[in-house]
Every structure is written in C-alpha cells, then in structure tokens.
C-alpha cells in the first residue's frame, strides 16, 4: 500500500528550496544564452549586439528579474502542489463527499485516501472521478427535492466546518 502521509513535509521549506533551485536554473540558462550570443557570436545579430552593448545596470536588472520570476513560479508551484494534490486525492477517493460534516474531517479524509484511492492507471482515476461526481450530483438532488430551511442550514454548517478544516490543513 502506498503511504500518502504528507505531514512530515514542511511546505514553506520545500517552496523555498524549489524557488532557489528554479532561480538557479533560470539564471544559468540566461547566462548560457548570453555567453552564446556575446562570446561566441552565435544566434541573431540583434541579440549579439544587445548582449555586447549592455550596461551594468541592465545586466543586474535582467538577471535579478529572471531570478525573481523563476523563484516565484517554482516556489508557488511547490507550495500549492501538496494541498491541491490532497484535495484531488480526496475527491477521487470519495473523501470529500464522505467526510462533509465530519468533526474529524482531516482524519476522515486521510482514511479515505489511504483505503480508497484509485489505482495508478488513467482509467481507474477517471472512473473514480466520474463515480464521485455522480455521488455529489445525487446528493444535490436529495437536497433539492424536499428541503427545508433547517436542512439547508445544517448542510451549510457542515460544509463550512469542512471548509474551515480544509483551510486549517493547508497551513
């Protein structure tokens, strides 16, 4: 069985690590291009001239903006990958539907993910997605049938507890 426990991963530390490595990769790519254009005179003539005529402030501006944009891209990707991935796993395993209203939403969700996750094949994941979307549709039909104000109020309270638990889990 595959273990899906992400509690040992610190999302801030991993985001910083990915931001640093992404920035390093982007700056080194920019440097290689500048070496090819400026030193070896390879590529479009306009690029060669631009690289050879750059002033110090332009070098700093180009490299710092390249580093900052890559850091933001890779850092944000890594930071949001775990909570979004957990939400997708919870949806495919039926945990989102099954755990709404639970006072222990996180524990319930982890149990669903550990025991009901679809197989690694695309077909299994697509089948799980369709099954769970159908379950949500059926639940919405049950709500819409003969719903009282008390039923809607209870459902909204359950969903707000689940949403608050999910948001707390992201931190």
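Could you go through the stretch 117-125 and let me know if any residue there is modelled with pLDDT of 85 or more and surrounded by fewer than 17 Cβ atoms within 10 Å (Cβ to Cβ). No. If you check 168, 71 for being within 25 Å of residue 19 (Cβ to Cβ) and modelled with pLDDT under 80, only one passes: 168.
Suppose the filter is farther than 30 Å from residue 114 by Cβ and either within 25 Å of the chain's Cα centre (by Cα) or in contact (Cβ under 8 Å) with a residue 40 or more places away in the chain (or both); does residue 73 pass it?
Values: farther than 30 Å from residue 114 by Cβ: yes; either within 25 Å of the chain's Cα centre (by Cα) or in contact (Cβ under 8 Å) with a residue 40 or more places away in the chain (or both): yes.
Spelling it out, residue 73 is indeed farther than 30 Å from residue 114 by Cβ and either within 25 Å of the chain's Cα centre (by Cα) or in contact (Cβ under 8 Å) with a residue 40 or more places away in the chain (or both).
Inclusion of residue 107 among residues that are modelled with pLDDT of 70 or more and not assigned by TED's automatic domain parsing to the domain that holds residue 20 is warranted.
Within the stretch 48-68, not a single residue is under 30 Å from residue 95 (Cα atoms), touching a helix residue (DSSP H, G or I) at 6+ places or on another chain (Cβ under 7 Å) and part of a helix (DSSP H, G or I).
Go through the stretch 7-37 and count every residue that is in a helix (DSSP H, G or I) and farther than 24 Å from residue 53 by Cα. Looking only at that region, the number is 15.
Residues 81, 89: which one is touching a helix residue (DSSP H, G or I) at 6+ places or on another chain (Cβ under 6 Å) and either at pLDDT below 75 or closer than 21 Å to residue 11 by Cα (or both)?
On the way: 81 fails: touching a helix residue (DSSP H, G or I) at 6+ places or on another chain (Cβ under 6 Å).
Answer to the check: 89.
The values are calculated or read from the model by the stated rules, or taken from the named source; none is laboratory data. Fair warning: this is a prediction, and the values are worked out from it, not measured in the lab. Because the Cβ atoms are built from the backbone with ideal geometry, glycine has one as well, and the counts that use them run over all protein chains shown.
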